Structure formats: structure tokens, C-alpha cells
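Derivation of every value follows stated rules applied to the coordinates shown; laboratory data play no part. As the structure is a prediction and not an experimental result, all values here were calculated from the model. Cβ sites come from the backbone with ideal geometry, for glycine too, and all protein chains shown count toward neighbours.
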Number of protein chains: 2
Amino acid sequence: MNNEPIRFGILGCANIARKMSASILATPGASLRAIGSRSLEKAQSFAREAGLPVDVKVYGSYEGVLSDEKVDVVYIPLPTSLHLEWAVKAAEKKKHILIEKPPALAAEELNTIISACENMGVQFMDCTMWMHHPRTAKVKEILKSKELFGDLQEVHAIFCVPMQAKSPGFFVENIRVSPQLDALGALGDLGWYSIRGILWANDYDLPASVTALPGTKFTTDGVITSCGASFTWKDGRVATFSCSFHADKNVRLVLYGNNGTLEMPGIDAEEFKLYGVSIFQDMDIGWSPDVTEFHIKTDVPQENLMVQRFSSLVKGIRDGSGVIDTHWAVIARKTQQLLDAVKLSIEHGCSTMCIEA
Amino acid sequence: MNNEPIRFGILGCANIARKMSASILATPGASLRAIGSRSLEKAQSFAREAGLPVDVKVYGSYEGVLSDEKVDVVYIPLPTSLHLEWAVKAAEKKKHILIEKPPALAAEELNTIISACENMGVQFMDCTMWMHHPRTAKVKEILKSKELFGDLQEVHAIFCVPMQAKSPGFFVENIRVSPQLDALGALGDLGWYSIRGILWANDYDLPASVTALPGTKFTTDGVITSCGASFTWKDGRVATFSCSFHADKNVRLVLYGNNGTLEMPGIDAEEFKLYGVSIFQDMDIGWSPDVTEFHIKTDVPQENLMVQRFSSLVKGIRDGSGVIDTHWAVIARKTQQLLDAVKLSIEHGCSTMCIEA
């Protein structure tokens, strides 16, 4: 059996690439083979500043990374508008694809990327890091408990990050609100997490309808900086999300069941709360009417756990002990499909969009 | 000008009557004239235990209170199924009506009560106490600020009180889940507050549709102990509520605007939070990305403020300086109409009910 680590190549020098290169370097079973930027100078300066080991290959083009035969996986943190071109090229070079969210500007683009992966037999996964935190698995476990949580009724996601507070000038110059680079703005960035959270809680059961909330905000270029939507299912379930680059920091996923409510604060937080059915404890304590707080600790950051999971999938494919896990493509498609529907509803004055499964 | 206080009579010896009799006694401009129960003994024992002054008349029947010409206002904390009969009788005796929520079992019943009040020229108000807390007015002020809050997008109400934890045996013997007395169960009790909160936040603009959440719970007698619903407006606004007699205590009203989020914990709490648009403060502090916490204190409890407001309305009518304020009947009707729609949706397997304005 081949115990060689899975070798990653990175396309572009985005901020997030620094965090991810550290994760790749820290993950057993993974190694960093290469980084490529549009200019050699930029790639070299990134490698220096990120403290990459000297054996990491530095390329002055994305093609350099794709043509490197020692690269197994390409991690793509490029602006969203470049995903289609480079993800398809990477797949055609038989590289497995780990791609930043949103993976595409629209479901049709994503379908092209995923088809390329399927045709070439490579693994696809988008970088929704919170899914790999052990808190997520623990919450799901409780979510599945009829006694503790009951039947899912509502999901509410809020994801606000005041970008201007973090970097004044954000709305004029940042890539995340550039119509040429990240045309989906806050919807693609923060909304992606929220919609994924809603789908995750609903076992990826697509809603029947999507309706944008009123009051969407745009940059002068028409890029969304604040928006939200409601989702309904035929059985009465409902979900909403709201995301903003303007409002004070507020990140939360709240899940309502008919036996209890789960509240997950933060996106990489370790804690969550369960407001469950009060349980009779013992004669002294009696009924416990209080919220239960959980803390699910992880020794390594969630992005490392994502790299670990992806590497282990790719290792299985390489060794023949595993096959492509299509789950990640399926849930990416559904997330992107709902994102499309939200955008369409916004464009049509908050009209209700029916979703086809 | 007549400076005599407005004289209250109370029908029945419900728990809440103790709190309210204290409020009436403590409120300038109001006085407690009488209390009546089905048996004189019960009324006397209530008067003794509540420490009512000796000049409060004690009647062994509800009729006694209604026939007392020195009673201006009748406060009705009877079980909901008795409201129709006694509210109408009280109105016909030209008593102003302050009635516990839910004021009726269905909108049709409430219409009969309100018509009786209108015909007899008496003031109607239901006892939704949180509306009279100064926090409510302050939140509304912010809600109306385009800068601080923006356009209203979503409202989420949750109201869970684990009754079994408070009184074991609740589900078998309590009046609040008795099909003969309070047939609306948790929907009438906790749901009333939630639906009112949703309407209040939306300036009493009725939604276009109401859909019950799945997973409604009932007693063996078919009384609702846990339920919820989603509401939608044609412009994309959405609201949800969830209420339960089972789950851990969790009382909250959350309002989303496209500039900020307001969070009101508790029903008579003084605090609330605003997650607003981050505001540039000064060169030293820079942008403030943090939630703002408000504390709106009140010298007297909200129920006293309600008694004060009601007395002052009645005083205006008595003196000819004011007229009947129909606002309270209008919002009670709308609340009851939505409550009916939730109940109907539950009975029809969470079908969506269209609301006629």
C-alpha cells in the first residue's frame, strides 16, 4: 500500500490560501507540492510570507501547477468568476478538486465543473469548512434524536460580518464585491454557508419554494451586499436566512424541532445550546427546565479536518480501496441551485420561485 | 372634572387575578371595587389571601359584579371558553372590558364580543401586557429608523415554557390544557403573544398566508401543547413563531431589518440588543462592529402600565375628553384571525391558508 501523502497544489495567492497552506502542511497524509500565481514574483512573495518550506514548487502561472505531475489535488481559492475555467482545466489534468465557496457563479457552471470531474474520475469538494467541525456531527446526532429534538420544523440562519469595520474601503475595492470577480457578493460568500446549513439540517431535502426577503442591498455596481430568503417545504417546514456585509457581527444557525431548539452560534465555534424538553432528573433536582450547553472541542482547526477528509478520500481512490464520494458534488449542486433561486427571486422583486428536485 | 378613580371589578379568582388586583390597587387613577366568583366562599378566600382592602366588595357570583353600579371596568381572567358569555354580559351592563388573552376561542366569538362593546360604547382591550412595557415603544422607535434598522424583513418569535417542570401533572389537570376551558392550549396562551408580536412588528399589516409548522403536539384530549407557523407577505416579508408547553424556557422575539437585527429576550425583560450597521465612531475607536445593548427600565411593572393606560382611556370616555380607542379591538381581531388560521392549517395537515384583509 502506498503511504505517500496526497500532494496539493494551490491556484492563486488569496488570503485564505495562507490559512489553507498551513492546514495542508499540518495534516498527516497531505503535503504541499506547489503554489502558482499569475506572476512568479507574487507567488514567491506569498511563499516567503507564508513561510512555505523550500521544497514547495513556486510557479508563475496557474498552468504550471496543473502541469506538475506530482500534484494530486488542486485547491482553488481563485475569485469565483475564474472557477469554471480553472476547475475544468484542473479536472482535465486529472487533478482532484478542492474549491472555495461558492464553487461557481451559477448552477449551470457548477454542473460543467462537476461533469468534468465525473468524466475524469476525480473527487470534487467545496470548502464549506464548518461541515468538518466535530460540532456539526454532534448537532446532527441530536437533530436525529426524536426524544431530544423531535421533528424538524424551522431553520434560521444569520450571517452578518461588518466588512467595512474590518477594512474601510471594502465596498469600493474588495474582490468580494467586484462584479468582475465575485459577482455574487454577500450571497455567494455568506449566503453559501447559510443555505448549506439549511440544506444540511433538512438532510439535503430541497425546499418546494424560495422567496427573497425584501430590502436587498447592492453596491453601485449591482453586487449584493445584503440579502436573505425564506424557503418552504410541502410539509410545512420553513427556513430563512439573512446575510450582510454591513451589519454588526452576528453568526448563528438556529434549528427548531417539536421537542427542542438547537442554537449554534458562530461558524467555527465549538459550543451549541439545546433548549430541549425538560427532563425529570431525580427527586432532589426534579424537572430540569434549563438550556443544556455543549462544548465540542477539536484538537485541530476545522480546515485541517477538511484537508484530512479530502486527502483520505483521494488516497482511497488512488489505492483502489475507495471510490469517488459523489455526496460532495450532490450537496454543492443543491446549494448552488438554491443560491440561483434566491438571486432570481431578488431580480424578480421577491417573487416566489418553485424548486424542481 | 371628575377626579374619581376608575373602579374595577374582577370576574373569577384565577392566579393572574392576584397579580392584576395588586396592579389595580397600585395604580393611580384606578381602584378595585369588587371581585366575584362562582361561590362566595372562594371569593372571600381570594380576597383574604390577596390581602384586598376591606372596602372591596366580594360577590358569590359573576352577576354580582356586573350588577354593581359602582363598577366601571370589568377585568375578565376567566377560562377562554367563558369569555363570550361574560364579556357580552358585561358590555351589555355598560362595563368597559379588560380581558385576558386569548380574548376568545375564535375570531367569530371575538367579533360578537367587540360588537357588543361597540353597541354599548365601552372600551375593549385584551391583556397583552408586554405591549405596555416601555421597552416595546423603544424597540418600535428603532424599528422605524431607516438608518438603524432599515426595512423589516423577518420576524421570529419563540415562546416555550416547560409547564411540567413548573407543575408536574400539568398536562392532566391544568385549565390551560382543558378542552372544556382553554381549548386553544399553547396556541391561545403562548401563541397569542407570538402572533401579536409578529403583527406589532409589521404595523398590523396582515400576512397573505399562514402555514402551520409540522409536528404539532396535543394532549390526549386534542388540546395543542406545542405548535408553530410561518407567515408570508406579498413583498417577501416572512415571520415564524413556535410555542411549546414542553420545551425548556426560551422566550424571544427577533426582528430582522436590512440594516440591523433586534433581539428581544423575555416577555417582560427590560433589555434588548441591536446588531446594527457598524457605525464609524471616531478616529480612535474607528468602526464599531459590536452589538449594542439597551436596557429600558420601568419603575412599575408592565401590568400596572396596562391598567394605567386602560383607566386613562376610560376616564377620557367618562369625562367626554376622549373617545373609544378602536385600535385595541382592531389588533385583537387581527391576532385572533391569524390564530384561527394557524389552527385551521394544523387541522388541514399544514396546508397554507390565505388571509383576507
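By the combined test of axial Cα extent (at least 15 Å) and Kyte-Doolittle hydropathy (mean at least 0.0), the qualifying DSSP H helices of chain A come to A:15-26, A:107-120, A:327-347. Counting every other Cβ atom within 10 Å of each residue's Cβ, B:THR326, B:THR352, B:THR232 order from fewest to most as B:THR326, B:THR352, B:THR232.
Taking the centroid of alpha carbons for each part, region A:178-219 and region A:303-336 are 23 Å apart. Calculated on the Cα set of region A:130-243, radius of gyration then Dmax: 16.2, 50 Å.
In terms of overall dimensions, the C-alpha atoms belonging to region B:168-324 reach 65, 50, 38 Å along their principal axes, ordered largest to smallest.
Note on A:SER312/B:ALA269: beta-carbon distance plugged into 1/(1 + (r/R0)^6) with R0 of 56 Å gives a FRET efficiency of 0.70.
The label point for B:LYS144 and the one for B:ASN119, both projected 7 Å from the Cα toward the Cβ, are 3.7 nm apart.
Evaluate the Debye formula for region A:119-171 with equal point scatterers sitting on the alpha carbons, no solvent, and hand back log10 of I(q)/I(0) at q = 0.24, 0.25, 0.28, 0.30 Å⁻¹, in q order, two decimals. One equal scatterer on each Cα of region A:119-171 leads to -1.01, -1.04, -1.12, -1.15. For chain B, the extents of the C-alpha atoms along the principal axes are 66, 51, 40 Å, listed from largest to smallest. Between copies, A:HIS295 shows label-point distances of 2.6 nm, shortest first, with the point placed 7 angstrom from Cα along Cα to C-beta. In this assembly of identical copies, the label point of B:GLU271 (Cα plus 7 Å along Cα-to-Cβ) is separated from its counterparts by 1.3 nm, sorted shortest first. Axis-proximal residue of chain A for the rotation onto chain B, reported as residue and distance in whole Å: A:HIS156, 3, based on Cβ position. Given 25 °C and 0.890 mPa s, how large is the Stokes-Einstein diffusion coefficient of the protein assembly as shown in µm²/s, with Rh as the Kirkwood radius over Cα pairs? The Stokes-Einstein estimate is 87 µm²/s. Proximity of backbone amide H atoms, modeled 1.01 Å from N, is registered between A:CYS127 and A:ILE99, A:GLU100, A:LYS101 at under 5 Å, excluding neighbours fewer than 5 places apart on the same chain. To the nearest 0.05, what FRET efficiency results for A:GLN180 and B:VAL291 with a Förster distance of 45 Å applied to their C-beta separation? According to the calculation, E is roughly 0.85.
Shown for A:LEU344: label points 7 Å from Cα along the beta-carbon vector, and their distances to the equivalent points in the other copies, 3.1 nm in ascending order.
For B:LYS234, the lysines whose Cα comes closer than 25 Å to its Cα, not counting residues fewer than 8 places off in the same chain, are A:LYS217, A:LYS234, A:LYS343, B:LYS140, B:LYS144, B:LYS146, B:LYS334, B:LYS343.
Between rounded, prolate and oblate, where does region B:42-146 land on the alpha carbon gyration tensor, with a ≥ b ≥ c its root eigenvalues, rounded for a/c under 1.5, else prolate if a/b exceeds b/c? In terms of gyration-tensor shape, oblate.
Dividing the mean sequence gap of close Cα pairs (under 8 Å, 6+ apart) by how many residues region B:205-353 holds gives a relative contact order of 22 percent. Normalised by the number of residues in region B:96-137, the mean separation of alpha-carbon contacts (under 8 Å, six or more apart) gives a relative contact order of 52 percent.
Residue separation of B:ASN111 and B:GLU347 scaled by 0.36 nm, minus their Cα-Cα distance, works out to 82.7 nm of gained length. Here the calculated FRET efficiency for B:VAL330 and A:ASP205, from their Cβ-Cβ distance with R0 = 51 Å, stands at 0.80, rounded to the nearest 0.05.
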